[in-house]
Amino acid sequence: MFIRQNTAQKASTLAGYVVAYKIAKNNKPYSEGKFIKDCMMSMGKILCPEKIKEFKSVSLSRKTVTTQINVIATNLSTQFRQRIENFKYFSVTMDESTDRSDTAQLLIFIRGVDDEFDITEELACLQSIKGKTTGQIIYNEFSEGLQNLNAPISRLCNITTDGVPNMVGKNAGFSDETWGCLKSFKTQLSLFYNCMAKNDLTHFPRLKSMSPVSENKLKEFSQALKKPHTEFETRFQDFKNIQSSLDVFSIPFNVDPENVCAELQLEIIEMQYSTHLKQLFLNSTKLDFYRALPKAEFPKIIAHAQKIMAMFASSYVCEQTFSTMKLRKNSIRNRLTDEHLFALLKVASSQLVPAFENIMENQKNSICLTRLTRQSLRIKVKLII
């Protein structure tokens, strides 16, 4: 009887955690638990009245749901710390925004790749900044966040903010399509500007079909075309600085070995003369190709690929999470604490799955420890009396 009761209690607690997880994952308020339980009870009475007692034993009060979401967030953070230990390289994206209570919140996401090219992208921390948000303060919060996660700064390969986007794919690192489009657009802008400057309207059919355009107008149009070209150069100057590195990753068989960094040259030459590897590159995704490269023969190229794959696409993930933050901490719920806010955002944004069995085991051990502590206190009180 005791074993059956203990099993039923465990199932009831687990069910509560699963529902709390769904509530946080779908950005629902804590109070949603009561509504869900009412629905469960109504369905239970119709579909399985003999199980109504089990449904009733599931605690979904606001307080319980709040606690369970915090516990789930802690479990996800623990899993993430364990993964960080195995990262070969990682990058950071961060952004700052003000919440409903006029508190500056700094979001820090980490994206890392391990030795097997498995990629993990998670919310690392939420740092509240009181007062003015200077560059030094943001740096201090950033450093503290990495230290708390035991993330070695020596493996940090890239930092992305809202002002410096790095076009990187979600699963395979750098996005070749995006980079190709950017280079194509830049070349077209340069061509259009040069043609207009020489009064060549070949690529402007509508303008060409009009009555003769004055030289002043053509000069005005030429200057108008120059502005986006200059803006493009400024905004995407980081691409120009690392173009060679990106080409080594995306088109390793087409690059000139003399134009890549010295430490990669010998491995690039060896790779380019391997018919087997060339065929593998053509028939595989980049992720599968770099996973299949012999580590003993191409250690530097593999490390280079891991750095590129660890890069963030942009700070969009921060902007997306800020939207969730404003949804959760609104005019009605503006007293939400930083701890609870982080737990909600962590669960909602995480790609990891909670280890419910570990959560249950930790809760069981915590209950046993609490009981032992109470018994110890009672014994001490009796001895004193």
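The values are calculated or read from the model by the stated rules, or taken from the named source; none is laboratory data. This one's a predicted model, so the numbers in the text were calculated from it and none came from an experiment. Backbone-built Cβ (ideal geometry, glycine too); neighbour counts: all protein chains shown.
Tabulated results
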| item | result |
| --- | --- |
| Residues of segment 133-143 satisfying the condition of being in a helix (DSSP H, G or I) and exposed (fewer than 13 other Cβ atoms within 10 Å of the Cβ) | G135, Q136, Y139, S143 |
| Inter-residue pairs, beta-carbon under 7 Å, first within 16 Å of I242 (Cα to Cα) and in segment 257-280, second hydrophobic (A, V, I, L, M, F, W, C) and part of a helix (DSSP H, G or I), 6+ apart | P257/I268; P257/I269; V260/V248; V260/I268; L264/V248; L264/I301 |
| Qualifying residues in segment 28-51 (those that are in contact with a Ser or Thr (Cβ under 9 Å, 6 or more places away or on another chain) and assigned to a helix (DSSP H, G or I)) - the one surrounded by the most Cβ atoms within 10 Å (Cβ to Cβ) | G33 |
| Residue ID - farthest from T133 (Cα to Cα), chosen from residues in segment 100-116 that are surrounded by 20 or more Cβ atoms within 10 Å (Cβ to Cβ) and touching a residue at least 40 places away in the same chain (Cβ under 8 Å) | V113 |
| From the options V71, V92, residue that is farther than 25 Å from I359 by Cα and touching a helix residue (DSSP H, G or I) at 6+ places or on another chain (Cβ under 8 Å) | V92 |
| Checking A343 against (1) in contact with a Lys or Arg (Cβ under 9 Å, 6 or more places away or on another chain); (2) under 19 Å from I110 (Cβ atoms), the condition it does not meet | (1) |
| Residue match in segment 138-146 (condition: at pLDDT below 75 and either of a type outside the set (F, W, Y) or closer than 30 Å to Q351 by Cα (or both)) | no |
| In segment 52-73, the residues that are in contact (Cβ under 8 Å) with a residue 40 or more places away in the chain, among the hydroxyl-bearing types (S, T, Y) and either part of a helix (DSSP H, G or I) or touching an Asp or Glu at 6+ places or on another chain (Cβ under 7 Å) (or both) | S57, T64, T66 |
| Verdict on R81 being outside any strand (DSSP E or B) and in contact with a Lys or Arg (Cβ under 7 Å, 6 or more places away or on another chain) | no |
| Flag if F289 is in a helix (DSSP H, G or I), touching a Leu at 6+ places or on another chain (Cβ under 9 Å) and at pLDDT below 85 | no |
| Residue in segment 275-304 that is nearest to the chain's Cα centre (by Cα), counting only those that are of a type in the set (S, T, Y) and surrounded by fewer than 15 Cβ atoms within 10 Å (Cβ to Cβ) | T285 |
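Yes/no matrix, rows are residues, columns are (1) assigned to a helix (DSSP H, G or I); (2) surrounded by 11 or more Cβ atoms within 10 Å (Cβ to Cβ); (3) at pLDDT 85 or above; (4) within 33 Å of the chain's Cα centre (by Cα):
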position	(1), (2), (3), (4)
K186	yes, yes, no, yes
Y193	yes, yes, no, no
M196	yes, yes, no, no
S211	no, no, no, no
F232	yes, yes, no, yes
F239	yes, yes, no, yes
F253	no, yes, yes, yes
